[in-house]
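One structure below.
Only the coordinates and a few stated rules stand behind these numbers; no lab work does. No experiment lies behind these values; they were computed from the predicted model shown. Neighbour counts are summed over all protein chains in view; Cβ atoms, including those assigned to glycine, are modelled from backbone coordinates with ideal geometry.
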Amino acid sequence: MSNLARVVYIIILFVLGVCLNTKAQVPDNARGLRYQQNKTNAATQSRFAKLANAKKEYFERQLNLTATESKKFWPLYRQYQQQLINIRHLKRLNNSSAQPNGTEQINKELYYETELVNIHKRYNEEFMKILPAEKVSELYKSEKQFNDEVLKQLSERSERAGN
């Protein structure tokens, strides 16, 4: 099994675990609801930490980062990812409920898309300050390969499960 396939396998297990945990909802009037929610949140956070570590190991291998590069790169990359996550979350919220004014929803969507592009541009400049252009290019390729492989594996699992 290749390294990418191994990492993707770990991610798929993570995603399936999160899906299974979210389906098991505890009724609001159930005793111990707060404890159950805290327990589920802790389990989810643990899975996210494992996923982040697997992704970090994969990128370390793909980018062949030196110790100095790694020390500077990872805090910046985590910040980059967090900003992307925040904007994508706002986009989902904007698209999840119908706005009373369709024009406002469209304008927000365009604003969020622009913000994503601005984040990519800003962090590309920052990455280029600490990594050679070849490694920055490899980062973007590795992210795409990683995401494509995750989607492929999830799709195959879904087909095997008959969904």
### Task
Provide Rg and Dmax in Å for region 91-130, with only Cα atoms included in the calculation.
14.0, 46
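If the chain between Asn95 and Gln82 were fully stretched, how many nm would it gain, using 0.36 nm times the residue separation less the Cα-Cα distance?
Details: separation 13, 0.36 × 13 = 4.68 nm, distance 2.00 nm.
My answer for the length gained is 2.7 nm.
Are any of the pairs Lys50/Lys129; Lys56/Lys144; Lys55/Lys121; Lys91/Lys135; Lys55/Lys135 more than 25 Å apart by Cα-Cα distance, and if so, which?
Numbers: Lys50/Lys129 29 Å; Lys56/Lys144 14 Å; Lys55/Lys121 22 Å; Lys91/Lys135 30 Å; Lys55/Lys135 16 Å.
Distance filter (> 25 Å) returns Lys50/Lys129; Lys91/Lys135.
Quick check on the exposure proxy: order Thr44, Thr103 from fewest to most C-beta atoms within 10 angstrom.
If I rank by nearby Cβ atoms, fewest first, I get Thr103, Thr44.
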### Message
Students often check this: by mean Cβ neighbours within 10 Å, which of 55-63, 149-157 ranks highest, and how do the rest follow?
### Response
55-63, 149-157
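Extension gain Leu110-Thr66, at 0.36 nm per residue separation less the Cα-Cα distance, in nm?
Numbers: separation 44, 0.36 × 44 = 15.84 nm, distance 3.84 nm.
So the chain would gain 12.0 nm between Leu110 and Thr66.
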